[in-house]
Amino acid sequence: MIKNNFDPFRDRQARQIRNILSTAFVQSLRDLNPASFETTGEQLLKQKISADKKAYILDRISRYRKCITTVEQQGIQSILEQSFVLWDAELFFEVHEILEGQWMVAQGREKAALQGLIRAAGVYILMAWGNQQGAEKMAAKAVRALEENLTALAYFPSPQQLLTSLRNLDPVPPKLRG
């Protein structure tokens, strides 16, 4: 993650950029059409913004392109499987965004398992910004939800790797696609 001075937790403009760009990306992923995030990124880059915000946008656009290409080339249609592509690209906020829609309509154990994955992504967001205490609390909740409900997910190639990383608060996120 490009950190620099780009801080969506303390800087409203950074938060807006992150949210606008990630929303456009999730829509592009649904449509398998990069036009939405490409256009949004171009519009954001035309604004009067700092160099660190431009670097964030350019980095995201680059990673978004790679993810869309992977999803297209491999014919990945499931939102869960797409979220693992995003995870492996370390797009944790976007993992949260894409899974949230699925979580809202899920029920029972599937809903709890998705919440565990969303929290796991949150752990890596918090660790990237140095919030170790928040990451520890969220990791404990994520581990509990995943351990209790993992079988509710139809696809998850490497759950034990994720659980181990969360338990140890490994700063290097595991690759989830196996």
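Only the coordinates and a few stated rules stand behind these numbers; no lab work does. Keep in mind the model is a prediction, meaning the values are calculated, not measured. Every residue, glycine among them, receives a Cβ derived from its backbone with ideal geometry; neighbour counts consider all protein chains shown.
Results, tabulated for the structure shown:
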read-out: Estimated FRET transfer efficiency (residue 79, residue 5; beta-carbon r; R0 35 Å; 0.05); value: 0.60
read-out: Mean separation of Cα contacts under 8 Å (6+ apart) over length of the stretch 80-178, as relative contact order %; value: 30 percent
read-out: Principal axis dimensions, largest first and in whole angstrom, of the stretch 127-174 by Cα; value: 33, 18, 15
read-out: Average projected area [Cα convex hull, the stretch 80-178], square nanometres; value: 5.3 nm²
read-out: Rg over Rh [alpha-carbon atoms, Kirkwood Rh] for the chain; value: 0.96
read-out: Calculated FRET efficiency for the pair residue 158/residue 54, C-beta based, R₀ 25 Å, to 0.05; value: 0.10
read-out: Residue of 83, 22, 165 that the Gaussian network model of the chain assigns the largest fluctuation, springs spanning Cα pairs under 10 Å; value: 165
read-out: Largest-first ellipsoid semi-axes for the stretch 41-83, taking √(5λ) over the Cα gyration tensor eigenvalues, angstrom; value: 28, 9, 8
read-out: Eligible aspartates and glutamates near residue 141 by straight Cα distance, threshold 19 Å, same-chain separation 8 or greater; value: 97, 100, 110, 170
read-out: Spin-label zone in the stretch 141-160 - amide nitrogen under 20 Å from a point set 7 Å from the Cα of residue 70 along the C-beta vector; value: 154-160
read-out: nm² value of the averaged projected area, convex hull over the Cα atoms of the stretch 2-99; value: 5.6 nm²
read-out: GNM top mover of 140, 35, 24 - the chain, alpha-carbon springs below 10 Å; value: 35
read-out: Least to most buried among 104, 127 (fewest other Cβ within 10 Å first); value: 104, 127
